[in-house]
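Here's the structure we're looking at; comments come further down.
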Amino acid sequence: MPDVDRRDVQAKGFLNHMADKEQRLLPGRSNHDGKLSQPEKKLQEAICVLLVELCERFTFFGIVCNMILFCTVKLGYRNYQAAIVNMCFVGTSMLTPVLVGWLAECLVGRIKLVCICMFLHFLGTALLPVVSFPFEDIYIDRRHVLNTLTKREQKIVFYFALLTASLGIGGIRAIVCPLSAYNLEDCGPKELLSFFNWFYWLVNLNSAVVFVSISYIQQSVTRNLGFLIPFVSGLMAMITIHMVRGEMIYKPKTDSSLLTTFGVITSALKTCCVRYRYFSGGVTNWLDNAKENHGGQYSEIQVESTKSLARLFPLFTFQILYRTCVMQIPSGYYLQTMNSNLHFSGFVLPVAAMNVISIVPLLILVPVLECINSSCLFSSKDTGYSPTIYIVVGQFSAALSVMVAGFSEIHRKHFPQVEQTLSEEVLLVSSMPCFHLAPQYILLGVAEALVTPSCALLSFRLVPKRIRGISMHFLALFNGAGCFMGAFFVQIAHAGTQGNWFPHFLHEGKLERFFFFLASLMMVNTLGFWTIAHRYDTLHEDYTNEFRGSLPAEKLLKHKKNIKHYNAILESSPILSPMEKT
């Protein structure tokens, strides 16, 4: 019997050993607690983040795509006012992720803040249908109207809805869907550019679906249902976040912050002013004044990281005017299309559907650029081309697009005017087919395909890993500044020319002059960036050498090697006497 028991124990031990071995050999299987393995969890998180990203972009483009038509027809705005509202909303949506990121970092917890932003997003997208519904068309019976809102009340609700929606969008982009959540830290330049290319490819494919479907629903079928679709899409995003609860919320490292970067810059400016007033300068870079050994408050690593980020400021600055040109698609180009003949084979095209023409080049160019990147761009250090070439060509394409828009406006006014119905309103428009405007949309689409992924690559790659998220925040800040600069240009053009350069009735004004003015500025901007583009060809190598050489440990090691080398010289030198050697 003892032998039998011993054999049973040995058999059970062998079976348990094989079961444990099988469990180790199958890392993709779930454990007995029902929890997913690490690869499955990462895959689920990546899919959920991408779904939330697409849902958020769906709501964003759904709000933007026909805002000008809604503001002019429903709210009675002038053309320049509707364009300003649209560009300010886009710019605010770009700036709010920076604000929300700072709040999550310093004041409010990430989980609590994302819940608040989800509520704001839900509230904003739910209030927009309240404004867009013409309540005089909804009856309790044949004689009584369900509800009415005055123009003033509609505008108040409309602006409040846009503000809350933009704050919600900022929370989703900053907390739930930052680029750091895609685990790009260990990717090389080739993999990063490939990621950005396909990421923006998916985003633009999503926007193409929105521009075709939502714009048609808003304009032709029933404009009231158009703003219900952003509401449903926002609800989808919240359900997706709820499905994974806290597991998809990315938690960044706390070794760097946006406040630290601004603090380094502020401290350097203060110390620099004091030194300029009382002392002579003794630093090679003005940011070195923020270092502790120069009278500042920050460590050497923090200052050197900020210096590497400051080298990207010229790149960010030249993106401001480029973003202003891109913002002509939902403003100036949209007004041109709205005042052109939209009839095609007995079918009235949605105004925002013309945006798809600018998206098609991007969808086509991304696979082509992937082949070019594999063969030429990263072939070798000496012969490979820099992504700055893409940026220069893309900015030139944007300048050419705005110039073509000016000539298209002159060409459009040569056609006789006809009546056209948009959203149940009869408008007097040019009989020129809207497809004559296609070249300017195509050129701007080519510019987006070249500039946006390349600029994101440089902003992400050419700084230390610890501040890459901050670098992308600064890129968003400058892009948002480009949107507000576009709104400023529209306001100045309308006020300075008494409405002639940005008229309400395009056939009575000179909109082409505004386009030619913007094209000339963009051409100067392109030439300016071309003169400094060489700085970003070898920036990563120069930064690596300088940053490593400036660390205290590296300096001490170098100093120790010099001492050893000096002692060796002393011992081997026949010139020095024994007394001098001691």
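The values are calculated or read from the model by the stated rules, or taken from the named source; none is laboratory data. As the structure is a computational prediction, the values presented were derived from the model and not from experiment. Here Cβ is always computed from backbone atoms with ideal geometry, including for glycine, and neighbour counts include all displayed protein chains. Accessible surface areas use protein heavy atoms only, side chains included; no ligands, DNA or RNA. Shrake-Rupley method; radii C 1.70, N 1.55, O 1.52, S 1.80 Å.
Please give the residues of region 419-455, grouped as numeric ranges, whose backbone N is less than 12 Å from a label point set 7 Å along the Cα-to-Cβ vector of VAL368. The answer is 443, 446-447, 449-450, whose backbone nitrogens lie closer than 12 Å to the label point. An oblate overall shape is assigned to region 81-136, the ratio a/c of its alpha-carbon gyration tensor axes (a ≥ b ≥ c) being 1.5 or greater and a/b not exceeding b/c.
Treat each spin label as a single point 7 Å out from the Cα along the C-beta direction, and report the LYS465 to HIS534 distance in nm. Simple spin-label model gives 3.3 nm for this pair.
Beyond 18 Å in Cα-Cα separation lie the following of the pairs LYS413/LYS510; LYS155/LYS510; LYS74/LYS510; LYS74/LYS151: LYS155/LYS510; LYS74/LYS510. Structural descriptor for region 485-530: relative contact order 20 percent, calculated from alpha carbon pairs under 8 angstrom and at least 6 residues apart.
Please give the solvent-accessible surface of VAL524 in Å², to the nearest 10, using a probe radius of 1.4 Å with every protein chain present. Ignoring ligands and nucleic acids, VAL524 comes out at about 100 Å². Look at where the Cα atoms of region 309-351 and of region 445-470 average out, and the two centres are 21 Å apart. To the nearest 10 square angstrom, how much accessible area does LEU51 have with a 1.4 angstrom probe? That residue has around 80 Å² of solvent-accessible surface. P(r) for region 52-110, from all Cα pairs and a bin width of 5 Å, is 4, 17, 18, 18, 16, 12, 8, 5, 2 %, short bins first. Here region 401-510 exposes an accessible surface that is 65 percent carbon and sulfur, computed with a 1.4 Å probe and the other protein chains kept in place.
As a calculated quantity, the FRET efficiency between VAL209 and LEU43 at R0 = 22 Å, using C-beta atoms, amounts to about 0.35.
Exceedance of the 25 Å cut-off in Cα-Cα distance is limited, within the set LYS307/LYS465; LYS291/LYS465; LYS190/LYS291, to LYS190/LYS291. In the context of the full set of protein chains, residues of region 283-362 present 31 Å² of accessible surface per residue (probe radius 1.4 Å, heavy atoms only). With a Förster radius of 25 Å applied to the beta-carbon distance between PHE505 and LEU163, the computed FRET efficiency rounds to 0.25.
Solvent-accessible surface (1.4 Å probe) assigned to LYS465 amounts to roughly 110 Å².
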